[in-house]
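**Q** Have a look at this one.
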Amino acid sequence: MQTCRINDPEFVKCSTSSIQKLMIQLGKGIPEVAEVIGTFDPLKVKEIQFAQDNQGAVQLHANLTEMVATGLSSMIIKESKVSKKDYSWETKVFIPKLRLEGQYKMSGKILLIPLNGAAHMFIEIENLNLLMRTKTRLYEKGGFTF
């Protein structure tokens, strides 16, 4: 990976390029970390849970299991910025086609219509634009600040 200096006037360009190169390598697989993080494309996730509980029109509980995401290796990092103040990241990502496949179990309602079910599912999303915001903190170890 390319080293980028936050005070360099070309930092955003350098950071964007560096993150893009990392994503390309993760897509191909990095043998040194493959045991720890697995593959990036396909990306396997054992479980995702989410819930929207309120007294409004939508109430939803969903449990997605054995999820497999494909298409992540074609992601394009549009821009990656880091705040000089708190080192938080803001990254704009484009994924031409993302497919999620797995099992779902869902319960809830939209207005008065009940939603209950469990089955195999897949979702295909095209031209996906994401804005990711990441908070970070500095720490010291062995005389170095990370």
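**Q** Considering segment 29-87 alone, what residues qualify as being of a type in the set (Ser, Thr, Tyr) and within 28 Å of Ile113 (Cα to Cα)?
**A** Selection gives Thr65 alone.
**Q** Being loosely packed, with under 15 Cβ neighbours inside 10 Å, out of contact with any Gly (no Cβ under 8 Å at 6 or more places or on another chain) and hydrophobic (A, V, I, L, M, F, W, C) is the filter here, so list the residues in segment 46-92 that pass it.
**A** Ile48, Phe50, Ala51, Ala57, Ile76
**Q** List the residue pairs whose Cβ atoms are under 9 Å apart, where the first residue sits in segment 118-145 and is in contact (Cβ under 8 Å) with a residue 12 or more places away in the chain and part of a strand (DSSP E or B), the second is surrounded by 10 or more Cβ atoms within 10 Å (Cβ to Cβ) and of a type in the set (Gly, Ala, Ser), and the two are 6 or more positions apart or on different chains.
**A** These pairs meet every condition: His120/Gly102; Met121/Gly102; Phe122/Gly102; Glu124/Gly71; Ile125/Gly71; Leu128/Gly71; Arg133/Ser88; Thr134/Ser88.
**Q** Here is a further query. Quick check on segment 60-112: of everything there that is of a type in the set (Phe, Trp, Tyr) and part of a strand (DSSP E or B), which residue is modelled with the lowest pLDDT?
**A** Trp89
**Q** With respect to Leu43, determine if the residue is out of contact with any Cys (no Cβ under 6 Å at 6 or more places or on another chain), under 18 Å from Lys78 (Cα atoms) and surrounded by 14 or more Cβ atoms within 10 Å (Cβ to Cβ).
**A** Criteria not met by Leu43.
**Q** Which count do you get for residues in segment 1-59 that are touching a residue at least 24 places away in the same chain (Cβ under 8 Å), assigned to a loop (DSSP other than H, G, I, E, B) and within 17 Å of the chain's Cα centre (by Cα)?
**A** Here the count works out to 3.
The values are calculated or read from the model by the stated rules, or taken from the named source; none is laboratory data. Note that the coordinates shown come from a computational prediction; the quantities given were computed from them, not determined experimentally. As a convention, Cβ positions derive from the backbone with ideal geometry for all residues, glycine included, and neighbour counts pool all protein chains shown.
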